[in-house]
Amino acid sequence: MELHAKDEVIIYVKAADSGGDGVAYQTTLLKVSGGNIMPTLNRQYAGVYVQECTVRDVLKSSGIVRMSENNKFVVSVENVTPRMNERWVIMVNDKELMENGLDMKLNPRDAVKLELTNAS
């Protein structure tokens, strides 16, 4: 099977010790895009969905996102720090978050996306 640029893959996570009839875990997806600035930066990470988790929780636990000291802003993603005229835009299910959006609670299969864009 060949995948194309706009194709989406749904991932289900199952415990390794669950045998054939184990529980399938729900997932959340973290997408990283360099946008037009860094088109080669295009990754997706799947994680196990945790009830009541927020966008901030997913970013902090990802291991690839560095937050500001007060955990209100993304400083860098995969060691990429925006220049003065750039910023990381945070989206959930392709909708840009407002300033207080980091506390938004996620649902299973939600996709959090970080995209490097020119600051307006």
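A compact table of results
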| item | result |
| --- | --- |
| Matching residues in the range 77-107 - criterion: being free of Cβ contacts under 8 Å to residues at least 12 places away in the same chain and part of a strand (DSSP E or B) | 95, 96 |
| The range 85-108 - residue that is in contact with a helix residue (DSSP H, G or I) (Cβ under 8 Å, 6 or more places away or on another chain) and of a type outside the set (Val, Ile, Thr) and, of those, modelled with the lowest pLDDT | 101 |
| Selected residue (criterion: surrounded by the most Cβ atoms within 10 Å (Cβ to Cβ)) from residues of the range 54-75 that are within 13 Å of the chain's Cα centre (by Cα) and of a type in the set (Gly, Ala, Ser) | 62 |
| Residue that is least open to solvent (accessible area, probe 1.4 Å), among those in the range 103-120 that are under 24 Å from residue 38 (Cα atoms) and more than 11 Å from the chain's Cα centre (by Cα) | 116 |
| Qualifying positions in the range 1-38 - modelled with pLDDT of 90 or more and open to solvent by 100 Å² or more (accessible area, probe 1.4 Å) | 36 |
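The values are calculated or read from the model by the stated rules, or taken from the named source; none is laboratory data. Bear in mind that the values here come from a model prediction, so they are computed numbers and not experimental data. Please note: Cβ atoms are built from the backbone with ideal geometry, for glycine as well, and neighbour counts cover all protein chains shown. SASA here: full protein model, heavy atoms, side chains in, ligands and nucleic acids out. Shrake-Rupley method; radii C 1.70, N 1.55, O 1.52, S 1.80 Å.
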